[in-house]
Amino acid sequence: MRTDRILIFLVAAVWIANGLFCKLLDLVPRHREIVARILGEEHSLAITRMIGVAEIAMAVWVLSGIAPRLNAIAQIAIVVAMNILEFCLAPDLLLFGRLNAVVASGFVGLIYYREFYLQKS
């Protein structure tokens, strides 16, 4: 199904963009600042880059199609946990402030829709 493939690539692109460009290459320093706020300044660049590698790995997992339900659950849990931390501890550093929760909810909804609704039809 074409919609399914588009959604897979869209979700993977979000993980790659955030992991590679924002974190691993540090092109968006705000991501490192959020990590520093939550985990401390001392190793924030290294930790941010490790998170970036993990996000790229998530994109590879999405594209692989291996254990897609487990993958969707993992993505949803990670996005929700990350956004709760950021909402509470670093809202001033978020692109849309506390409204980032709305964007994150949309992303979670997209992941849920693709795996648990679209796959049934």
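The values are calculated or read from the model by the stated rules, or taken from the named source; none is laboratory data. Keep in mind that this is a model prediction, so the values were computed, not measured. Note: ideal-geometry Cβ built from the backbone for every residue, glycine included; neighbour counts use all protein chains shown. Each accessible area value is taken on the protein alone, full model and side chains, heavy atoms only, with ligands, DNA and RNA left out. Shrake-Rupley method; radii C 1.70, N 1.55, O 1.52, S 1.80 Å.
Things worth noting here:
- Percent carbon-and-sulfur accessible area, the chain, ignoring ligands, DNA and RNA, probe 1.4 Å: 72 percent
- Per-residue [θ]222 nm for the chain (sum of -39500 (n - 2.57) over DSSP H runs n ≥ 4, rounded to 500): -22500 deg cm²/dmol
- Projecting the Cα atoms of Val103, Leu45, Ile34 onto the charge dipole of the chain, computed from C-beta unit charges around the Cα centre, puts Val103 farthest toward the positive end.
- Probe 1.4 Å, protein heavy atoms only - accessible area per residue of the chain in square angstrom: 59 Å²
- The stretch 19-73: C-alpha gyration tensor shape, a/c 1.5 cut-off, then a/b vs b/c: prolate
- Hydrodynamic radius by Kirkwood, which averages 1/r over all alpha carbon pairs of the chain, in angstrom: 14.9 Å
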